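Remarks on the structure that follows.
The values are calculated or read from the model by the stated rules, or taken from the named source; none is laboratory data. The structure displayed is predicted, hence computed values, not measured ones. We place every Cβ from the backbone using ideal geometry, glycine too, and count neighbours over all the protein chains shown. We work out accessible area using only protein heavy atoms, side chains counted, and drop any ligands, DNA or RNA first. Shrake-Rupley method; radii C 1.70, N 1.55, O 1.52, S 1.80 Å.
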Amino acid sequence: MAAPFTGGCACGAVRYECSAEPIAAGNCHCRDCQRATGGPFASVLLVPKEAVKITGEVGHHEVKGDSGNPIKRGFCATCGSRLFGFPSGVPFVGISAGSLDDPSWYRPAFDIYTSSAQPWDFMNPELAKFPKAPPM
């Protein structure tokens, strides 16, 4: 996928544009992501913070991630669509793949926190697997 790419929430009140290529793309199976998405995992693109321009009112909810570090979850204050993850102490933001205007180009490269994956969650056997966070 060539930058820039765009996306937003279900109601259109929050929009974003990213001017950089994703650093990484993967699926997180931690319990926090399961609860946040209501599904077996969160599909996320990691991009440099400075490359993302957000318009509209973004609400935030801070949680303690499975890593033990705080993560601010960003969502549309109007419709509640989960859009972003802002992990503390890192120069990137996570963008929910389902919020892309064209999510068809999303290609995850790995599954993380597989130790928390649900037994009914079928993971793509071709993707790299990490029981917790991958080595940086």
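Pairs are defined by a Cβ separation below 6 Å, a sequence spacing of at least 6 or placement on different chains, a first member in the stretch 103-132 that is closer than 13 Å to PRO40 by Cβ, and a second member that is open to solvent by 50 Å² or more (accessible area, probe 1.4 Å) and in a helix (DSSP H, G or I); the pairs so defined are SER116/ARG31.
For every residue, the table says whether it meets (1) surrounded by 13 or more Cβ atoms within 10 Å (Cβ to Cβ); (2) within 26 Å of LYS129 (Cα to Cα).
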| residue | (1), (2) |
| --- | --- |
| CYS9 | yes, no |
| TYR16 | yes, no |
| CYS30 | yes, yes |
| ARG35 | no, yes |
| LEU45 | yes, yes |
| ALA51 | yes, no |
| GLY56 | yes, no |
| SER67 | yes, yes |
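The number of residues in the stretch 111-136 that are in contact with a Pro (Cβ under 9 Å, 6 or more places away or on another chain), within 13 Å of ALA24 (Cα to Cα) and either open to solvent by 40 Å² or more (accessible area, probe 1.4 Å) or among the hydroxyl-bearing types (Ser, Thr, Tyr) (or both) comes to 1.
Checked against (1) farther than 25 Å from PHE5 by Cα; (2) of a type in the set (Ser, Thr, Tyr); (3) within 15 Å of the chain's Cα centre (by Cα), SER81 passes all but condition (1). If you go through the stretch 76-102 and keep only what is in contact (Cβ under 8 Å) with a residue 40 or more places away in the chain and open to solvent by 60 Å² or more (accessible area, probe 1.4 Å), you end up with THR78, PRO91, GLY98, ASP101, ASP102.
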